[in-house]
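Asker: Below you'll find the structure I mean.
The values are calculated or read from the model by the stated rules, or taken from the named source; none is laboratory data. A quick note: this is a predicted structure, and the numbers were derived from the prediction, not measured. All Cβ positions, glycine included, derive from the backbone under ideal geometry; neighbour counts span all protein chains shown.
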């Protein structure tokens with residue numbers, strides 16, 4: 001079932017000299033309900049720009065984005081967004097942060113058990129009353145994830161949420177995301193520049209090229225779950241994606 | 001990390017407080033200094049008792065002050081030498097300062113009432129000031145309450161106006177366009193310049209005083225609040241939007257807490273200005289208050305009373321300052337400590 005449709009989308013910005021820059025050019029793809037899409041590409045290929053368009057934080061100059069046929073005009077709780085640096089509110093405790101969206105939407109009588117459930121699931125027990133600066137980067141990202149997922153969005157957008165983490169913490173957060181995806185069947189779109197991460201998590205992988213930002217290819221991930229990062233199949237598929245990404249570089 | 005979890009909440013809070021105290025009060029405990037400070041206070045008492053005075057002073061209040069100070073130090077040191085807690089950290093840190101304060105008391109007493117090196121009526125001993133406070137206590141207590149009340153009303157009004165205007169100017173471009181030019185031009189005028197006009201325009205001088213003090217407060221608070229709102233990272237606004245916050249909720253849960261550090265900078269700037277305006281406006285327009293008391297004492301030529309009011313102001317304004325400091329510490333408890 002098609003859920004998200006991105007049609008002929010162009011994002012055009014102007015630099016200081018007034019020069020037209022095509023940040024995104026002719027973007028077309030569909031996302032089905034329950035999929036996990038990884039968008040991968042070098043920096044400057046417009047991945048984050050694309051994710052912001054899907055969330056409704058920005059609007060495209062040309063083209064159309066729709067969810068279940070309805071055009072995306074503004075941010076909405078049905079589309080969660082996890083930022084690269086988490087952007088937990090530093091003035092709220094971990095628990096207050098996680099419940100902040102629920103409080104905003106449902107008022108004071110929100111489902112407190114749901115909050116506790118996700119605190120448990122994300123391994124944040126014992127840190128409910130800590131402030132974001134007091135916990136590790138991995139914990140902060142898990143809390144940011146919990147803050148979005150607790151609202152039960154139809155679509156969860158992940159903007160390099162593991163980008164600033166070390167390798168061990170990154171693998172840990174990846175597993176948490178995968179677990180949440182499997183349990184809730186939420187459609188997820190992940191932006192990353194880490195090939196392993198894109199393959200480990202994604203059911204389909206959108207490979208993008210920079211200047212102008214275009215979709216080079218959309219590849220269906222042949223790997224079954226559970227995935228092993230060191231298996232032959234994984235490494236073989238990794239090579240395929242790597243080749244697609246390197247194409248532009250060797251050309252120069 | 002795991003160890004902290006196994007501590008009970010009470011124990012954890014205690015450990016954190018102890019830790020904080022040790023960074024703030026960093027001078028280590030030395031028994032010698034603690035004893036020296038007691039000796040210095042005994043010297044102050046003995047000097048006052050036995051050196052013949054050239055000026056006629058009632059030293060009763062001063063002696064009670066020294067005794068109270070001495071007893072306080074004895075208690076603090078006794079506790080500190082037995083229990084290794086915050087009191088020990090605190091008293092160890094201040095032992096040197098207390099010693100010097102004791103010696104300063106000796107020196108000031110000698111050069112004023114004992115040898116009259118600096119003379120009455122413009123220079124008085126601390127003993128005379130304390131005696132004056134004791135004599136005028138009814139009037140001074142009434143004046144202090146009156147000043148405190150006036151300051152509190154005016155400061156709260158000025159701060160509220162400043163914060164509300166600042167939040168709106170920082171958040172809404174249209175509002176900023178229509179009001180910021182006026183803020184810049186009007187806010188920069190020293191409140192004291194309005195004094196002749198306010199005394200005529202306002203029906204009572206009390207209202208005029210409130211206006212003047214609030215006027216000194218609102219501008220720095222508004223100005224800092226605007227900067228505070230504008231310095232909030234767009235990430236927080238955007239995540240608030242994706243979490244379903246309404247505009248009102250964004251104001252309450254993102255704009256206000258995000259601007260709070262700057263609001264407090266504005267409040268502390270305004271505090272000094274407000275004390276100045278409090279004293280000036282009481283000197284000009286009032287029939288009560290510490291400013292009025294000083295002006296009245298000047299009129300009758302009793303400078304000891306001027307000193308008395310100054311000492312009380314020092315205490316009152318210090319208390320207000322530390323209260324605001326505590327308030328800030330609590331309101332910004334989510335911030336990372338810089339040291």
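Asker: Determine whether residue A:128 is touching a helix residue (DSSP H, G or I) at 6+ places or on another chain (Cβ under 6 Å) and farther than 23 Å from residue A:167 by Cα.
Answerer: It is true that residue A:128 is touching a helix residue (DSSP H, G or I) at 6+ places or on another chain (Cβ under 6 Å) and farther than 23 Å from residue A:167 by Cα.
Asker: What number of residues within the stretch A:162-185 satisfy the criterion of being under 19 Å from residue B:239 (Cα atoms) and either surrounded by fewer than 21 Cβ atoms within 10 Å (Cβ to Cβ) or modelled with pLDDT of 90 or more (or both)?
Answerer: The initial filter retains those residues of the stretch A:162-185 that are under 19 Å from residue B:239 (Cα atoms), namely A:162-164, A:177.
Next cut, either surrounded by fewer than 21 Cβ atoms within 10 Å (Cβ to Cβ) or modelled with pLDDT of 90 or more (or both) only: A:163-164, A:177.
Number satisfying all stated conditions: 3.
Asker: Scan the helices (runs of 4 or more DSSP H) fully inside the stretch A:150-252 and keep the ones with 3 or more residues being closer than 23 Å to residue A:46 by Cβ.
Answerer: On the way: elements: A:167-184, A:195-201, A:232-251.
Per the criteria, A:195-201, A:232-251.
Asker: So how many residues does the stretch A:106-137 have that are under 22 Å from the mean Cα position of the chain (by Cα), at the interface with chain B (Cβ under 10 Å from one of its Cβ atoms) and either at pLDDT below 90 or surrounded by fewer than 18 Cβ atoms within 10 Å (Cβ to Cβ) (or both)?
Answerer: 1
Asker: Can I ask one more? With B:213, B:201, B:188 as the choices, which residue is more than 14 Å from chain A (Cβ to nearest Cβ) and touching a residue at least 40 places away in the same chain (Cβ under 8 Å)? Steps first, please.
Answerer: Numbers: B:201 fails: touching a residue at least 40 places away in the same chain (Cβ under 8 Å); B:188 fails: touching a residue at least 40 places away in the same chain (Cβ under 8 Å).
Testing whether each residue is more than 14 Å from chain A (Cβ to nearest Cβ) and touching a residue at least 40 places away in the same chain (Cβ under 8 Å) leaves just B:213.
Asker: Considering B:53, B:46, B:40, which residue is touching a helix residue (DSSP H, G or I) at 6+ places or on another chain (Cβ under 6 Å) and in a helix (DSSP H, G or I)? Please lay out each step first, then the result.
Answerer: On the way: B:53 fails: in a helix (DSSP H, G or I); B:46 fails: touching a helix residue (DSSP H, G or I) at 6+ places or on another chain (Cβ under 6 Å).
Just one listed residue meets the conditions, B:40.
Asker: If I filter the stretch B:270-281 for residues that are surrounded by fewer than 17 Cβ atoms within 10 Å (Cβ to Cβ), in a helix (DSSP H, G or I), at pLDDT 95 or above and under 25 Å from the mean Cα position of the chain (by Cα), do I get at least one hit?
Answerer: Taking the stretch B:270-281 first, the residues surrounded by fewer than 17 Cβ atoms within 10 Å (Cβ to Cβ) are B:272, B:276.
Pick out the ones that are also in a helix (DSSP H, G or I) and you get B:272, B:276.
Pick out the ones that are also at pLDDT 95 or above and you get B:272, B:276.
Those still in the list that are under 25 Å from the mean Cα position of the chain (by Cα) too: B:272, B:276.
Checking the stretch B:270-281: at least one residue is surrounded by fewer than 17 Cβ atoms within 10 Å (Cβ to Cβ), in a helix (DSSP H, G or I), at pLDDT 95 or above and under 25 Å from the mean Cα position of the chain (by Cα).
Asker: Sticking with this one: Do you know which residues across the stretch A:78-88 are within 8 Å of another protein chain (Cβ to nearest Cβ) and out of contact with any helix residue (DSSP H, G or I) (no Cβ under 6 Å at 6 or more places or on another chain)?
Answerer: A:85
Asker: Another question, then. Condition (residue is facing chain A (nearest Cβ under 7 Å), buried (at least 23 other Cβ atoms within 10 Å of the Cβ) and in contact with a strand residue (DSSP E or B) (Cβ under 8 Å, 6 or more places away or on another chain)) applied to the stretch B:230-239: is it met by at least one residue?
Answerer: yes
Asker: Which of the residues belonging to the stretch B:257-267 are touching a residue at least 60 places away in the same chain (Cβ under 8 Å) and more than 9 Å from chain A (Cβ to nearest Cβ)?
Answerer: Answer for the stretch B:257-267, where residues must be touching a residue at least 60 places away in the same chain (Cβ under 8 Å) and more than 9 Å from chain A (Cβ to nearest Cβ): B:259, B:261, B:263, B:264, B:266, B:267.
Asker: Out of all the residues in the stretch B:318-339, which are more than 14 Å from every other protein chain (Cβ to nearest Cβ) and surrounded by 16 or more Cβ atoms within 10 Å (Cβ to Cβ)?
Answerer: Of everything in the stretch B:318-339, just one residue is more than 14 Å from every other protein chain (Cβ to nearest Cβ) and surrounded by 16 or more Cβ atoms within 10 Å (Cβ to Cβ), namely B:320.
Asker: Out of curiosity, is residue B:290 under 30 Å from residue A:93 (Cα atoms) and either away from chain A (no Cβ under 14 Å) or exposed (fewer than 11 other Cβ atoms within 10 Å of the Cβ) (or both)? Full working, then the answer.
Answerer: Values: under 30 Å from residue A:93 (Cα atoms): no; either away from chain A (no Cβ under 14 Å) or exposed (fewer than 11 other Cβ atoms within 10 Å of the Cβ) (or both): yes.
When the stated conditions are applied, residue B:290 does not pass them.
Asker: Here's a follow-up. Given the criteria touching a residue at least 12 places away in the same chain (Cβ under 8 Å), at positive phi and crowded, with 21+ Cβ neighbours inside 10 Å, does residue A:86 qualify? Talk me through it step by step, then tell me what you get.
Answerer: On the way: touching a residue at least 12 places away in the same chain (Cβ under 8 Å): yes; at positive phi: yes; crowded, with 21+ Cβ neighbours inside 10 Å: yes.
Here the answer is yes, as residue A:86 does meet what is asked.
Asker: Looking at (1) over 23 Å from the mean Cα position of the chain (by Cα); (2) farther than 27 Å from residue B:121 by Cα, find the lone condition where residue B:61 falls short.
Answerer: Residue B:61 satisfies every listed condition except (2).
Asker: Those residues that are within 12 Å of chain B (Cβ to nearest Cβ) and surrounded by 16 or more Cβ atoms within 10 Å (Cβ to Cβ), I need them from the stretch A:147-157; list them, please. Show your work before the answer.
Answerer: Restricting attention to the stretch A:147-157, the residues satisfying the condition of being within 12 Å of chain B (Cβ to nearest Cβ) are A:147-153, A:155-157.
Once the filter is applied, which keeps residues that are within 12 Å of chain B (Cβ to nearest Cβ) and surrounded by 16 or more Cβ atoms within 10 Å (Cβ to Cβ), the stretch A:147-157 yields A:147, A:148, A:149, A:150, A:151, A:153, A:155, A:156, A:157.
Asker: If we scan the stretch A:55-66, do we find a residue that is at the interface with chain B (Cβ under 9 Å from one of its Cβ atoms), touching a helix residue (DSSP H, G or I) at 6+ places or on another chain (Cβ under 7 Å) and buried (at least 17 other Cβ atoms within 10 Å of the Cβ)?
Answerer: Pass one, the stretch A:55-66, residues at the interface with chain B (Cβ under 9 Å from one of its Cβ atoms): A:55-57.
Checking the rest, the ones that are also touching a helix residue (DSSP H, G or I) at 6+ places or on another chain (Cβ under 7 Å) come to A:55, A:57.
Keeping just the survivors that are buried (at least 17 other Cβ atoms within 10 Å of the Cβ) gives A:55, A:57.
Yes, the stretch A:55-66 contains at least one residue that is at the interface with chain B (Cβ under 9 Å from one of its Cβ atoms), touching a helix residue (DSSP H, G or I) at 6+ places or on another chain (Cβ under 7 Å) and buried (at least 17 other Cβ atoms within 10 Å of the Cβ).
Asker: While we're here: Looking at the structure I just gave you, is residue B:249 in contact with a helix residue (DSSP H, G or I) (Cβ under 8 Å, 6 or more places away or on another chain), more than 14 Å from chain A (Cβ to nearest Cβ) and closer than 30 Å to residue A:145 by Cβ?
Answerer: Details: in contact with a helix residue (DSSP H, G or I) (Cβ under 8 Å, 6 or more places away or on another chain): yes; more than 14 Å from chain A (Cβ to nearest Cβ): no; closer than 30 Å to residue A:145 by Cβ: yes.
For residue B:249, the condition - in contact with a helix residue (DSSP H, G or I) (Cβ under 8 Å, 6 or more places away or on another chain), more than 14 Å from chain A (Cβ to nearest Cβ) and closer than 30 Å to residue A:145 by Cβ - is not met.
Asker: Okay, moving on. Within the stretch A:105-126, how many residues turn out to be closer than 21 Å to residue B:253 by Cα and either touching a strand residue (DSSP E or B) at 6+ places or on another chain (Cβ under 7 Å) or in contact (Cβ under 8 Å) with a residue 24 or more places away in the chain (or both)? Please lay out each step first, then the result.
Answerer: Of all residues in the stretch A:105-126, those closer than 21 Å to residue B:253 by Cα come to A:105-112, A:115.
Next cut, either touching a strand residue (DSSP E or B) at 6+ places or on another chain (Cβ under 7 Å) or in contact (Cβ under 8 Å) with a residue 24 or more places away in the chain (or both) only: A:105, A:115.
Residues meeting the conditions: 2.
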